[in-house]
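Please read the structure below before turning to the comments.
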Amino acid sequence: MEDNKTSEEKFVPKGAIAFFILFVLLGATIWYGMFFLMLSRHA
Amino acid sequence: MKISKPLRNVILFELFFPITLLTLGIYHGLMQTIYRSGLVHSAAEAHLDYYQGLTLHGVINAIVLTTFFAVAFGHAIMAYYLKKEPDIRFARISLIFMVVGTLMAAYAMLSGKASVLYTFYPPLRADPTFYLGAVFLIVGSWIAFWGWIILYRTWRKEHKTDKIPMAVLGNIANFTVWQICTLSVAVEVLVFILPWSMGWTNTINVALCRTLFWFFGHALVYFWLLPSYIMFYTFLPKLAGGKLYSGNAGRFSFMLFIILSIPVGVHHQFGEPGITSGTKLFQTILTFGITLPSFITAFTMAATLEYAGRKRGSKGLFGWMAKLPYLDTKNYMFGYLICGLILFIFGGLTGMVNASYSLNSMVHNTSWVPGHFHMTVAGPVYLAIIGMTLYLTSKLSGKPVRFPNLNIMVPYLWCIGILIFSYGLMSGGLLGEPRRTNLGLTYLNPASSQYRPDWIPSTAFALIGGIIMTLSALCYFITFFGTVFSKRKEEPILEFPDSELLHNEPTIGILNRFAPWVIMMIIVLLLAYIPAIMNISQYIGPGAQPFSPNNPVPMTF
Amino acid sequence: MDRNEIKVIVITGLLLATFLFAVLWAADKRHIDVPACIPYNSKYATSKITQLDSNTYQVFVVAKMWQFDPAEIDVPVGSTVDFYLTSKDVTHGFNISDKSVNMMAVFGGVTETSVYFDKPGTYSIVCHEYCGAGHQNMTGKVVVSPKKQK
């Protein structure tokens, strides 16, 4: 029981952090992709 | 938990009724992709005009289904987590109002008297029964909420220092926003549109009505979304075989939704007259604020699922993604929820483009917009609704789910269909393809001078996606109605896959009271909308007469 | 609140800040903004094309069921066109997608935007707000003619 508790508290969500960083990068890619397309249409 | 027969029947009916109407809603979804791809060049097929069908599609799928579900799910959550049923009189009166309202609106739409789309922008005029029907439906949902407030306050007196159960917190936050934002559309309809539609007033201030609608209209999408969020935070961890990474993150997210759901409506009006660029910019910044709870949720769900995956023995940075119960027929809610989350990644991120002030000009009213919102309202919202509808119907009527092998495929087929469909719509939108338009008559008609062959690939993608989505829906209807019309095999029970927290989280006082957040909400609302209303009084001129969709000559009474 | 959740909030805030700055930069340095809001005046309710100088045109566009008035606007390449838009009846859209022009025509209101046409060609104006039975027929165009060869 004690062992279970400490291993739970030691859980570091490395994969989730990596996922979140990729998620933010995807968001930036979509947004800036549209932004530069807008700039190109405005001569 | 045992549930009384009266409440059980209210919930079961509120789940069953909209799914029946959804058959028509899905049918006209498919039809739109057929009209728009140029497969037919026609104004109406099978006695349903394109724009009439589009109105039915929006009202049934986005107003009736979502509102009925929110109320039914709300009854179930409040009863289960507070261990006490809400007053049945409120539940029954609420049900009657909502059904009467829906039938009135359905009559108007089906008889061709309300082809104004679910946004019903004046000065297009629908039959008064359409507007009255909408009022009844919405007031019905208020009445359910009032019953829950009474229940909650009783509970609170007896549990002064306890943590509010997460689902209850989310539900009350959701309906608090709903109660406030619907006041605006109630004013729009009762004060302005209804008298004008009956000929008692001559003209109507179009810009003001649009602004009142969008005060309601953006908060509406969070009203749709929050039940799914409740499921993500309270059920998903358990369904995945893990624990919730942070309960406080969830509570904080729900409280943020209280403050920021409403004062952002102007981001639907960037291209309109009557509101200054300063007001539009201010509401852009507020809209950026409301992306925060969704980013928090994205991380928290990933961390929660990672814990569940590692518990099942996954290794490496992303191994946990593979070790989740995607295809377990006894755990089908996991599939419905995870597909919703996958779609919402793209739905939410594309939404940020729409909200970004001048960037909106790239997408406004193009087919990009339905491309975006089919990955949100037709993503996590739709999947959570139909999944939970099946779940609650099965549990509350004691009828095990029929055709579990069909059922497990529903969300995955849907997810694939939506991705193809939305890809088509968004790429078309960037090429200038308009939304809410029967393209088959002109733009996708080789015999027309307006023919746009460059829109063929995008509309073809939307058609293929639409067909796959319809297949998914067919599988769902077979499962749902198959279950409903099967024999009872178990005792009816109200139960949910309730999750545990991963960490010992202290009760944070500010996240356990609604008052400070509601006060903040009202302050921000006033700051955001008083300028908008003042702008309109300065910049807008005369009001408009009513127009039928079929005639450029204004209607007279 | 969990440390990682705090990091998430900070990273999200930074991302949104970059979006805000990009949009403000575009407005300030490239004059890319939302359509301007003009106080209503009934003069805008009658369509009109006026040449203000050698390369600036002022067009009052009146959107109505189911056409734009004027339906065709002819200008030479290198022109700047100021569009003033209103509606005679229901709400219409006005979308010149290749130039990222996107405005709404609302009865009782006037929106304005300025467009510089640097390349010759025919630019489609599409109505993208549902305006009744003839909505899919509603389209106009800006025809930008190339420089005259001397």
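Relative contact order for chain C: 22 percent, from Cα pairs under 8 Å spaced at least 6 residues apart, divided by residue count. Quick one: which bits of segment B:258-283 get at least 50 Å² less accessible when the partner protein chains are in, versus the chain alone, with a 1.4 Å probe? For segment B:258-283, once contacts with the other chains are taken into account, B:G271, B:P273 lose 50 Å² or more. For B:F557, the solvent-accessible surface computed with a 1.4 Å probe is close to 140 Å², ligands and nucleic acids excluded. Considering only beta bridges that DSSP places wholly inside segment C:1-112, some 70 percent are antiparallel.
With N counted as the residues of the protein assembly as shown, its alpha-carbon radius of gyration over 2.2 N^0.38 Å works out to 0.95.
Database remark: amide H of C:T139 closer than 5 angstrom to the amide H of C:F68 (H placed geometrically; neighbours at sequence offset of 5 or more, or on other chains; Pro and chain starts carry no H).
For the residues C:I32, C:I11, B:I34, a 1.4 Å probe over the protein chains yields an accessible-area ranking, largest first, of C:I11, B:I34, C:I32.
Taking Cα atoms only, the orientation of helix B:88-110 departs from the longest principal axis of chain B by about 30 degrees.
Estimated purely from DSSP H runs of n ≥ 4, each contributing -39500 (n - 2.57), the mean residue ellipticity at 222 nm for chain C is -6500 deg cm²/dmol once divided by its residues. Of the trypsin sites (Lys or Arg not before Pro) found in segment B:149-186, those that fall in a DSSP loop while having at most 12 other beta-carbon atoms within 10 Å are B:K160. Here the protein assembly as shown carries DSSP beta bridges of which approximately 70% are antiparallel, counting only pairs with both residues inside. Probe 1.4 Å, all protein chains in place: accessible area of B:W155 in Å², nearest 10? Accessible area, nearest 10 Å²: 20 Å².
A convex hull fitted to the Cα coordinates of segment B:99-189 yields 100 cubic angstrom per residue. Using a probe of 1.4 Å, the accessible surface attributed to B:I468 totals some 40 Å² when neighbouring protein chains are kept in position. Taking only protein heavy atoms and a 1.4 Å probe, the accessible area of segment B:427-521 is 67% carbon and sulfur. Largest first, the residues B:M321, B:M333 sort by 1.4 Å accessible area into B:M321, B:M333. Prolate is the label for segment B:151-237. Its Cα gyration tensor axes, ordered a ≥ b ≥ c, give a/c of at least 1.5 and a/b above b/c. Interface burial in segment B:435-468, defined as at least 40 Å² less accessible area with all protein chains than with the chain alone at a 1.4 Å probe, covers B:Y443, B:Q450. Compared with the dominant principal axis of the Cα atoms in chain C, helix C:3-29 is inclined by about 30°. The alpha carbon centroids of segment B:318-368 and segment B:197-260 are separated by 16 Å. Shape class of chain B from the alpha-carbon gyration tensor: rounded, with the ratio a/c of largest to smallest axis under 1.5. Contact residues in segment B:239-256 by the 40 Å² criterion (accessible area, 1.4 Å probe, full protein complex versus chain alone): B:Y245. Checking the Cα-Cα distances for A:K10/B:K163; C:K43/C:K64; B:K238/B:K311; B:K5/B:K160; C:K88/C:K141; B:K5/B:K84 against a 23 Å cut-off, the pairs over it are A:K10/B:K163; B:K5/B:K160. Taking all Cα pairs closer than 8 Å and separated by 6 or more residues, the relative contact order of chain B comes to 20 percent.
The alpha-carbon of C:K48 sits under 17 angstrom from the alpha-carbons of these aspartates and glutamates, leaving out residues fewer than 8 places away in its chain: C:D69, C:E72, C:D74, C:D82, C:E112. Each helix, a run of at least 4 DSSP H residues, gives -39500 (n - 2.57); summed and divided by the residues of chain B, these come to -21500 deg cm²/dmol at 222 nm. Ligands, DNA and RNA left out, the accessible area of chain C computed with a 1.4 Å probe is 54% carbon and sulfur. Solvent-accessible area of segment B:124-273 (1.4 angstrom probe, protein heavy atoms only): carbon and sulfur portion equals 68 percent. For the protein assembly as shown, the solvent-accessible area of protein heavy atoms averages 37 Å² per residue (probe radius 1.4 Å; ligands and nucleic acids excluded).
For chain C, modelled as a GNM whose springs connect Cα atoms under 10 angstrom apart, the maximal fluctuation among C:K99, C:K88, C:K29 occurs at C:K29. For B:S294, B:S472, the ranking by accessible surface with the largest value first comes to B:S294, B:S472, using a 1.4 Å probe.
The values are calculated or read from the model by the stated rules, or taken from the named source; none is laboratory data. Please read all numbers here as calculations on a predicted model, not as lab measurements. Glycine gets a Cβ as well: all are built from the backbone with ideal geometry, and neighbour counts include every protein chain shown. Heads up: the accessible areas ignore ligands, DNA and RNA and are worked out on the full protein's heavy atoms, side chains in. Shrake-Rupley method; radii C 1.70, N 1.55, O 1.52, S 1.80 Å.
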